[in-house]
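**Student:** After the structure tokens below, expect a handful of questions from me.
The values are calculated or read from the model by the stated rules, or taken from the named source; none is laboratory data. None of the values given here were measured: they were computed from a predicted structure. Cβ atoms come from the backbone with ideal geometry, glycine included; neighbour counts cover every protein chain shown.
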Amino acid sequence: MFLALLDQQDKSTYASAIEIMRRAYLTGEIEANEMMLNIPFAAQWNMLFPGGKEKGDSFDNEWQLNHFCNVTAAMAHIIHYAKKNPQLGWGEFTKKRSLNCMISAFYHDIGKTIIARRHGIEGKALFAEPKASVKFRFVEILAACDSEITTEDMLYYAELIGYHDIFGTISTGENGFLSLANVIGRFADILGENLETIKTAVCDLWLLNIADIITSLKDKGNVQEWQLNPPGSIDSLLENFLSSYKGKYLNEDLCFALQIAEAKDRRNLATELSEKRAAHRLQRLARQTFENGLAVSKDFPPNLKEAVNSRFGEVSFTSQIKEILRAEFGDEYEKKFGTMLQFDYALGFFQSLAKQAIYWLEVELKDPNAFRTGWLYNRKTPKDGSYPPGFLVKYNAECISNNYCIAIVNIFGEISRLTSDINNWNIEFEDAKNRLTPSKADKLLVFDGAYRASNTRSLLMREIMLYKS
């Protein structure tokens, strides 16, 4: 089943292989060597897709099933693409390596059957110490693939599943390079200190993250093109993603991860990268969250939307961000800010913040007398003439991008102050997102003026960002 998706085949044959995979999720069984075999963790699938075995195609959680299948199918496309393009530097895909990547994709979200928000670490725990019956089922299935499985293989799958989203979080500024040092250290413990083997493991983890991200960008819960077309037939989708700004960020993170893998002192280099890349990673977080909000905005003027997106992507904007960071954290902003980005699920929180900012900007753009954000120039043009064409659009784009980054940095600054003198407090952005009501977001966005906003923000941060352990 795992390798069948990799074969270059016609559309109907591939559709049959996809159907076998979908049925395996639903029934917990696959046919191999004329025998029906129970797939490992079949009980987990019954929890996630209850009724699948008894009711045929009638089951709950179709959204989740489609995502599992999309990721596994996308991994097949990625492996096929990598084999055709060795110049990518993703390494040689042996049968064993391909099998490892497909199994990790098949099981990547299995931890959702336990605790969805901790699904990575929960899935890792399932694989790290499997029951004898689970290990035996893997032995049976891999034997059908003319392969074997060892204890080290199970630990390897555990690491891939446990950290399958780590590059996604680095690319949006939610998680730091320090985490990479720990993950790479685990690979070294399992696989031995062979540099090429460790770099291959890093690349496998990155590819799993790519498969997860590329299927989550839109229509996450629907059957996607990856399931409908055999590998090799829609390479343009993968190429378009890799050439997008998000794809370029992710490729940059892979290069940094490989540098960390090669370093004698991995944690020291990871710390150095975290500090040096502080402004760049804030720029990523600001860009992605605001652009996501603009993408669905129907009332934002197209020319201003284009100008804002362009501003967030400018290399010169990094210098402005450094000044914003310096104003909040002082001259040692790289050390103070660079290593503090270790939060889970921060992306959703800041997307909610950006959405609220865009809402009020739309209100102001429609009628400047209705509401003033303080982020736009809405006064009349000078009496002695008019501004050059496009000047105000570019100027407002700069004001919007600057003020949004200031709001983000203010929030991180408040977190830094709160957690520096309070013991046993935890930051949970997932919970904070749920508590971030529009009225609270308005106050965090500095619409009330700097002094009032500072006092209000301090109170709000305690209410929405912290909980006692």
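**Student:** Taking Tyr395 as the residue in question, decide whether it is modelled with pLDDT of 70 or more and either within 27 Å of Arg311 (Cβ to Cβ) or assigned to a helix (DSSP H, G or I) (or both).
**Tutor:** On the way: modelled with pLDDT of 70 or more: yes; either within 27 Å of Arg311 (Cβ to Cβ) or assigned to a helix (DSSP H, G or I) (or both): yes.
It is true that Tyr395 is modelled with pLDDT of 70 or more and either within 27 Å of Arg311 (Cβ to Cβ) or assigned to a helix (DSSP H, G or I) (or both).
**Student:** Here are some conditions: (1) over 25 Å from Glu430 (Cβ atoms); (2) modelled with pLDDT of 90 or more; (3) surrounded by 15 or more Cβ atoms within 10 Å (Cβ to Cβ). Lys335 meets all but one. Which one does it not meet?
**Tutor:** Failing condition for Lys335: (2).
**Student:** State which residue is nearest to Lys366 (Cα to Cα) when the search covers only the stretch 301-319 and only residues that are more than 25 Å from the chain's Cα centre (by Cα) and surrounded by 18 or more Cβ atoms within 10 Å (Cβ to Cβ). Give the steps one after another, and end with the answer.
**Tutor:** Within the stretch 301-319, the subset more than 25 Å from the chain's Cα centre (by Cα) is 301-304, 307, 316, 319.
Within this subset, residues satisfying the condition of being surrounded by 18 or more Cβ atoms within 10 Å (Cβ to Cβ) are 304, 307.
Numbers: Leu304: 13, Ala307: 18 Å.
Applying the filter and picking the extreme gives Leu304.
**Student:** Could you list, in sequence order, the residues of the stretch 246-273 that are in contact (Cβ under 8 Å) with a residue 60 or more places away in the chain and either of a type in the set (Lys, Arg) or over 15 Å from Ile210 (Cβ atoms) (or both)?
**Tutor:** Lys246, Phe256, Ile260, Ala261, Glu262, Arg266, Arg267, Leu269, Ala270, Thr271, Leu273, listed by residue number.
**Student:** Let me ask another. Could you please find all residues in the stretch 1-31 being β-branched (Val, Ile, Thr) and more than 14 Å from Asn229 (Cβ to Cβ)?
**Tutor:** Let us first name the residues in the stretch 1-31 that are β-branched (Val, Ile, Thr), namely 13, 18, 20, 27, 30.
Once the filter is applied, which keeps residues that are β-branched (Val, Ile, Thr) and more than 14 Å from Asn229 (Cβ to Cβ), the stretch 1-31 yields Ile20, Thr27, Ile30.
**Student:** For residues in the stretch 207-247 being more than 24 Å from Thr13 (Cα to Cα) and hydroxyl-bearing (Ser, Thr, Tyr), which is surrounded by the fewest Cβ atoms within 10 Å (Cβ to Cβ)?
**Tutor:** Here the residue is Ser243.
**Student:** Could we say that Ala144 is in contact with a Leu (Cβ under 8 Å, 6 or more places away or on another chain), over 19 Å from Val202 (Cβ atoms) and among the hydrophobic types (A, V, I, L, M, F, W, C) here? Quick ask: steps written out before the conclusion?
**Tutor:** Numbers: in contact with a Leu (Cβ under 8 Å, 6 or more places away or on another chain): yes; over 19 Å from Val202 (Cβ atoms): yes; among the hydrophobic types (A, V, I, L, M, F, W, C): yes.
When the stated conditions are applied, Ala144 passes them.
**Student:** Looking at Leu160 and the list (1) without any contact (Cβ under 8 Å) to a residue 60 or more places away in the chain; (2) out of contact with any His (no Cβ under 7 Å at 6 or more places or on another chain); (3) aliphatic (A, V, I, L, M); (4) closer than 24 Å to Leu178 by Cβ, which single condition is not satisfied?
**Tutor:** It fails just one condition, (1).
**Student:** Between a first residue in the stretch 110-136 that is in the same structural domain as Tyr157 (by TED's automatic domain parsing) and at pLDDT below 90 and a second residue that is of a type in the set (S, T, N, Q) and exposed (fewer than 14 other Cβ atoms within 10 Å of the Cβ), which pairs have beta carbons less than 9 Å apart while being 6 or more apart in sequence or on different chains?
**Tutor:** Here the result reads Lys135/Thr151, each pair linking the stretch 110-136 to a residue that is of a type in the set (S, T, N, Q) and exposed (fewer than 14 other Cβ atoms within 10 Å of the Cβ).
**Student:** In the stretch 420-435, which residue that is surrounded by fewer than 17 Cβ atoms within 10 Å (Cβ to Cβ) and in a loop (DSSP other than H, G, I, E, B) is modelled with the lowest pLDDT? So that I can check it myself, show each step before the final result.
**Tutor:** As a first pass, look at the stretch 420-435 and keep what is surrounded by fewer than 17 Cβ atoms within 10 Å (Cβ to Cβ): 420-426, 430, 434-435.
Cutting the leftovers down to in a loop (DSSP other than H, G, I, E, B) gives us 421-424.
On the way: Asp421: 58, Ile422: 54, Asn423: 51, Asn424: 48.
Looking at the filtered set, the residue picked out is Asn424.
**Student:** Looking at the stretch 218-238, which of its residues are free of Cβ contacts under 8 Å to residues at least 12 places away in the same chain and under 28 Å from Glu159 (Cα atoms)?
**Tutor:** Those that are free of Cβ contacts under 8 Å to residues at least 12 places away in the same chain and under 28 Å from Glu159 (Cα atoms): Lys218, Asp219.
**Student:** Another one. Within the stretch 442-468, how many residues are modelled with pLDDT of 65 or more, farther than 21 Å from Thr419 by Cβ and aliphatic (A, V, I, L, M)?
**Tutor:** 2
**Student:** Quick one: which helices (runs of 4 or more DSSP H) sit completely within the stretch 1-96 and have at least 2 residues that are closer than 20 Å to Val223 by Cα, of a type in the set (D, E, K, R) and at pLDDT 80 or above?
**Tutor:** Numbers: elements: 11-27, 42-48, 52-55, 62-84.
The qualifying helices (runs of 4 or more DSSP H) are 11-27.
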